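Report on the structure given below.
The values are calculated or read from the model by the stated rules, or taken from the named source; none is laboratory data. Bear in mind the structure is a predicted one, so any value in this text is a computation, not a measurement. Here the Cβ positions follow ideal geometry from the backbone for every residue, glycine too, while neighbour counts run over all protein chains shown. SASA here: full protein model, heavy atoms, side chains in, ligands and nucleic acids out. Shrake-Rupley method; radii C 1.70, N 1.55, O 1.52, S 1.80 Å.
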Amino acid sequence: QVKLVESGGDLVQPGGSLRLSCAASGSIFSTNIMAWYRQAPGKERELVASIASGGGTYHADSVKGRFAISRDNVKNTVYLQMDNLKPEDTSKYLCYLSHRGANYWGQGTQVTVSS
């Protein structure tokens with residue numbers, strides 16, 4: 001069983017920065033994909049960024065140049081550095097891991113961007 005625990009969400013002013021972390025524990029295959037999704041009330045869940053165990057990354061157009069995903073394979077932890085945050089980034093951010101045909105989700109961490 002795989003467990004994902006997110007942290008780092010907070011209330012921040014527009015233009016501010018946050019760093020989200022997601023620690024994965026359990027039996028994790030070395031080849032995997034980890035990602036951050038977000039879901040706001042009444043909206044569909046959307047992919048923010050993903051990173052493969054080999055290092056390849058994807059960032060949604062809405063966050064390119066502002067967010068950066070990274071990972072520490074030794075710690076099985078994925079990070080999301082979020083800079084120049086905007087009110088429209090307000091959402092619950094969920095960590096995701098996929099390996100061996102199975103998908104896992106964390107409980108999420110709330111990010112609120114407001115003055």
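Here are a few things to note about the model shown:
- Condition met for residue 68 (farther than 12 Å from residue 32 by Cα and of a type in the set (A, V, I, L, M, F, W, C)): yes
- Exactly one residue out of 28, 69 is of a type in the set (Val, Ile, Thr), assigned to a strand (DSSP E or B) and surrounded by 14 or more Cβ atoms within 10 Å (Cβ to Cβ), and it is 69.
- Tally of residues being open to solvent by less than 30 Å² (accessible area, probe 1.4 Å) and of a type outside the set (Gly, Ala, Ser) across the stretch 102-113: 3
- Some residue of the stretch 41-61 being open to solvent by 20 Å² or more (accessible area, probe 1.4 Å) and touching a helix residue (DSSP H, G or I) at 6+ places or on another chain (Cβ under 9 Å): no
- Under the condition of being surrounded by fewer than 14 Cβ atoms within 10 Å (Cβ to Cβ) and in contact (Cβ under 8 Å) with a residue 24 or more places away in the chain, the residues counted in the stretch 89-101 number 1.
- Residues of the stretch 74-87 satisfying the condition of being open to solvent by 50 Å² or more (accessible area, probe 1.4 Å) and touching a residue at least 24 places away in the same chain (Cβ under 8 Å): 75, 81, 83, 84, 86, 87
- Annotation: of all residues in the stretch 72-107 being among the hydrophobic types (A, V, I, L, M, F, W, C) and assigned to a loop (DSSP other than H, G, I, E, B), the one that is modelled with the highest pLDDT is 85.
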